[in-house]
Each structure stands twice: as structure tokens, then as C-alpha cells.
1. How do the pairs read when you match residues in region 85-100 that are acidic (Asp, Glu) with residues anywhere that are within 14 Å of the ligand (Cβ to nearest atom), using Cβ under 8 Å and keeping only pairs 6 or more apart or on different chains?
2. Taking into account only those residues within region 80-96 that are assigned to a strand (DSSP E or B) and of a type outside the set (Asp, Glu), which is nearest to the ligand (Cβ to nearest atom)?
3. Determine whether Ala339 is more than 25 Å from Val421 (Cβ to Cβ) and free of Cβ contacts under 8 Å to residues at least 24 places away in the same chain.
4. Which number in (1) assigned to a helix (DSSP H, G or I); (2) modelled with pLDDT of 90 or more; (3) closer than 30 Å to Val140 by Cα marks the one condition that Thr225 misses?
5. What number of residues within region 97-117 are outside any loop (DSSP other than H, G, I, E, B) and either at pLDDT below 90 or more than 16 Å from Trp401 (Cβ to Cβ) (or both)?
6. Among the residues of region 332-354, write down those that are of a type in the set (D, E, K, R) and part of a strand (DSSP E or B).
7. Among Glu77, Glu131, which is the only one that is among the charged types (D, E, K, R), within 16 Å of the ligand (Cβ to nearest atom) and either farther than 27 Å from Thr435 by Cα or assigned by TED's automatic domain parsing to the domain that holds Phe439 (or both)?
Amino acid sequence: MKTRRHRNNPLSILAAVAICLGGNNVIADSCCPDERAAAAQAAANKGGDEHAGHGHGEGEEDTLSMSLDEIATARCEHETETYLCAECRYEVGVVKVAASLLKQGKSEDGLIRTGEARRQAVTATLQATGEVRLNDNATVHVTPRIPGVIESVAVDIGARVAKGDVLFTINSTELGKTLAEYQRSRALAALSKNTYEREKQLFDQKVASEQDMIESQMSYEQHKTDLVAAEQTLHVLGLTEHDLAAREKSHGPDIGTLPVRAPLSGTILERHAVVGELVEPGSDVMLLADMETLWVWIDIYEQDLGLLGGGAKGRPMPVDITVEAFPGRRFSGSIDHVAAVMDERTRTVKARALVQNTEGLLRSGMFCRVNIATDEAKDVLVVPLSAVLTDEGAEFVFKHWKDDYFVRRPITAGRSFQDVVEVVAGIQAGESIVTEGAFLLKSDVLREKMGAGCAD
Ligand SMILES: [Zn+2]
């Protein structure tokens with residue numbers, strides 16, 4: 001059995017790596033230690049020797065959980081320290097790894113990476129899926145307030161506009177009439193003002209009667225009211241003070257031209273307008289949305305609803321979302337609404353999160369993965385998910401012991417988070433453990449175990 005150890009057989013190591021990677025497209029979500037161990041074991045079994053014989057023998061658990069001092073002094077049948085014996089060190093959970101197999105720094109050369117167990121603030125999360133949609137509170141269908149014919153279109157689809165920018169203009173006979181009414185009111189107000197001032201002067205000089213003065217005053221007040229009403233009508237239609245002042249100067253041809261402005265800053269998402277088209281209030285001329293924030297509609301399964309506290313009241317529930325288009329990017333937001341009804345077909349409830357999209361990367365219609373923080377963050381000792389292995393239900397990590405020696409240490413794992421596992425007992429913060437490729441060490445142990453079994 002000269003080739004039973006990995007270091008003597010690089011091809012089988014590669015096979016183990018390939019099987020693990022091939023079987024797990026989404027490492028963080030599905031590459032659990034069990035699967036990795038299974039993959040490694042599958043590779044280990046590839047030689048076709050047998051499938052049995054790798055269970056624990058009597059009393060083996062004890063040797064695997066011996067203290068490091070005990071391991072250091074234990075001796076095997078070959079008249080040497082067990083951990084130094086290539087045939088027996090597996091019995092005490094020790095694996096020898098040549099330094100050349102360790103990945104250094106950020107380099108990907110090598111098979112095994114070590115890192116420190118560390119304390120970290122973690123949050124219990126619920127994973128869900130969702131769909132990015134426009135924020136209806138920041139989306140408007142731009143439509144004219146009065147019927148008219150589109151005269152010009154100032155912006156194209158995709159354009160970013162500021163609140164108040166002119167999007168298009170229409171020519172409207174109704175506007176012409178309203179403007180004429182406004183101008184008549186202005187003229188009448190000016191005229192009645194003059195009349196009133198003259199009557200007042202005459203009355204002061206005791207030339208005119210008080211009755212005439214009062215009547216002219218009432219007439220003036222009436223025309224002033226009419227003017228204010230006409231002006232307000234024009235403002236409602238969309239003309240600003242500035243527009244009215246500009247019209248005073250030019251008069252003439254553009255009397256019926258009404259600019260339609262952006263009611264908010266955002267991006268033109270749809271444009272249905274063409275010059276010459278007749279549009280009226282309610283016509284969907286443009287769709288304008290502020291994309292700085294978007295909504296994500298999240299599907300929450302019935303059994304997970306309790307984790308959301310039944311609704312969005314109380315503490316805001318932070319989420320971060322990821323989309324396929326931008327791997328590694330996280331977009332943050334928080335749930336602000338949980339629907340009151342359940343979709344009977346899918347047995348899910350929709351939760352809505354307001355998500356920041358300041359860079360404009362997210363697009364309405366994208367599907368996304370959502371991590372919902374269902375708990376306050378807590379500072380706990382964690383190791384990467386890939387560091388934790390299981391053997392017959394017992395969890396363990398490989399800790400760097402000394403020189404080229406790594407030793408299997410039983411741990412008590414707590415909760416699992418996105419990509420880390422809480423360690424309740426077994427190792428201390430700052431200890432160096434195998435964080436990548438730990439399954440290779442496990443398979444090495446298994447191989448030695450099986451090899452030993454064969455040899456007997
Ligand atoms: Zn030995």
C-alpha cells in the first residue's frame with residue numbers, strides 16, 4: 001500500500017478537489033462539510049477497494065480527543081511517538097502536511113489554507129429569494145393635465161432628469177382659452193384698479209360720492225379674485241410664474257404651448273410620446289422613476305414567517321441582497337412591509353424591502369437572493385464553514401499543532417451563519433486552523449484508516 005497517502009498520489013488529491021468543486025456550484029450555500037467529506041471520501045474510495053471498514057473502532061474516540069500533551073507523548077507499536085509514525089498518527093488525529101502544500105497569503109498555489117479562529121459580530125439570517133421592482137413611491141406616469149397635441153419631446157428613454165426639467169410640450173386649445181381668460185382677467189383687474197384709484201381720489205376731494213367709490217372698489221376686488229383664480233388654473237396645468245412672465249414678453253405664437261415637467265428627479269424608463277400625437281390627462285406619455293431606491297419583493301415561506309416577528313412593526317429588519325449580474329456585491333436595505341395575505345398557490349407571503357441602488361446597478365425585474373437579519377448582531381467565536389468537518393455526527397476542525405503537523409480537534413459548533421460557524425467549545429480565538437482544504441486532511445486520515453484496515 002505504498003500509494004495510499006495523498007502526498008504520494010497527487011492525482012487522487014486532484015480528483016478529490018474536482019469532485020468537491022464540481023458537486024457544489026454555490027459554495028457558500030450548499031457546500032456543507034458533510035458534502036465535502038462525502039466528496040473526499042468518494043475520491044478516497046475511487047480505488048475501488050471497499051466501502052466498509054472506515055468506522056470507528058473501539059475506543060478510537062478517546063484517542064481522537066486526547067489532549068495535545070497526551071498526543072505529544074503517546075507511543076505506538078513501532079517504538080516511536082505515535083504522531084511521528086506515518087502508519088499510526090491517524091489514530092491520534094494527526095496529519096502531516098508539507099509546507100509546500102500550504103497556500104501563502106492570497107496566492108492560490110497549494111491545496112490548504114490556514115487562518116485564525118476569530119471573534120466576529122454575526123447575525124442570524126434567513127435566506128430567501130425575491131424580485132427587484134420599481135419603488136412605486138418614487139415612480140410616476142407623466143401625463144399632461146389637459147388634452148393637446150405633442151409639439152416637442154425634450155428627453156429620450158434612459159435620460160436622467162432633474163425635478164422641474166421640461167420633458168415634452170403639448171399644444172392645447174384649452175390652454176389657449178385659459179390663457180386668454182387669464183389675460184382678460186389681468187386687463188380687467190388693471191382697469192378696475194385704475195377706476196377705483198380715480199374714484200377714491202375724487203371722493204377724497206369730495207367730488208364723487210362714497211357710493212361710486214365703494215362700487216369701484218368692489219369691482220376691483222372681484223377682478224383681482226378672478227385673476228388669482230385664472231393664474232392658479234394655469235399653475236395647476238403646469239405653467240410656472242416664470243412661464244407666465246416669459247409669455248408676457250413674447251405674446252403671440254406659443255400661446256397654446258404647455259411644457260410638461262418632471263415631477264421628480266429620476267430616469268426616463270418609458271417613452272410613448274411622438275410628436276403630433278394627441279394626448280390627454282391619463283395618457284401614459286412617459287414613465288419616470290427615481291432609481292436611487294428600489295423595492296425588493298421577497299417570498300417568505302409560511303414556516304419562516306415567525307422569524308420576521310409576524311410583520312414589519314417594531315425594529316427594522318435589515319436585509320442584504322445579491323444578484324447574479326454582480327457576484328460579490330451586496331445591496332443593503334430593510335423590510336418595511338409584510339403582506340397581510342398569503343399566496344395560496346405558493347404558500348408564501350410577500351415582504352417588501354426598500355433597497356439602496358445609488359450606483360444604479362440594480363434593475364427592475366432582476367431576481368435576487370435575500371439575506372434577512374432576523375436577530376441582533378452578536379460577537380461570537382467563528383470559523384469558516386469550510387473549516388468544520390463531521391465524522392459520524394461529531395464536528396471537528398484541523399488545528400495547526402507544530403511544524404508540519406495538524407491535529408484533529410473536536411469542537412462544539414453553534415449556529416451556522418452565511419459563511420461561518422459559531423464555535424462554542426474546542427478551540428480558542430487566535431488559534432490557527434485549516435480553513436480551506438480541510439476535507440483533504442480528513443480524507444488523508446480516512447485513507448490511512450482504510451489502508452491500515454487493509455493491511456491487517
Ligand atoms: Zn506506528
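The values are calculated or read from the model by the stated rules, or taken from the named source; none is laboratory data. Computed from a prediction, not measured in an experiment: that's the story for all the values here. Every residue, glycine as well, gets a Cβ built from its backbone with ideal geometry; the counts of neighbours run over all protein chains shown.
1. Glu87/Cys76; Glu87/His78; Glu87/Glu448; Glu87/Ala452; Glu91/Thr63; Glu91/Cys76; Glu91/Thr82
2. Restricting attention to region 80-96, the residues satisfying the condition of being assigned to a strand (DSSP E or B) are 81, 94-96.
From the residues that got through so far, the ones that are of a type outside the set (Asp, Glu) too are 94-96.
Details: Val94: 11, Val95: 15, Lys96: 13 Å.
The qualifying residue nearest to the ligand (Cβ to nearest atom) is Val94.
3. Values: more than 25 Å from Val421 (Cβ to Cβ): yes; free of Cβ contacts under 8 Å to residues at least 24 places away in the same chain: yes.
Spelling it out, Ala339 is indeed more than 25 Å from Val421 (Cβ to Cβ) and free of Cβ contacts under 8 Å to residues at least 24 places away in the same chain.
4. Against the list (1) assigned to a helix (DSSP H, G or I); (2) modelled with pLDDT of 90 or more; (3) closer than 30 Å to Val140 by Cα, Thr225 comes up short only on (3).
5. 6
6. Step one: of region 332-354, the residues of a type in the set (D, E, K, R) are 336, 343-345, 347, 350, 352.
Answer for region 332-354, where residues must be of a type in the set (D, E, K, R) and part of a strand (DSSP E or B): Asp336, Asp343, Lys350, Arg352.
7. Glu77
So that you can scan it fast, the table gives a plain yes or no per residue for (1) surrounded by 12 or more Cβ atoms within 10 Å (Cβ to Cβ); (2) touching a helix residue (DSSP H, G or I) at 6+ places or on another chain (Cβ under 9 Å); (3) not assigned by TED's automatic domain parsing to the domain that holds Glu344:
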position: Ala230; (1), (2), (3): yes, yes, yes
position: Glu241; (1), (2), (3): no, yes, yes
position: Pro263; (1), (2), (3): yes, no, yes
position: Leu269; (1), (2), (3): yes, no, yes
position: His272; (1), (2), (3): yes, no, yes
position: Val275; (1), (2), (3): no, no, yes
position: Val296; (1), (2), (3): yes, no, no
position: Asp299; (1), (2), (3): yes, no, no
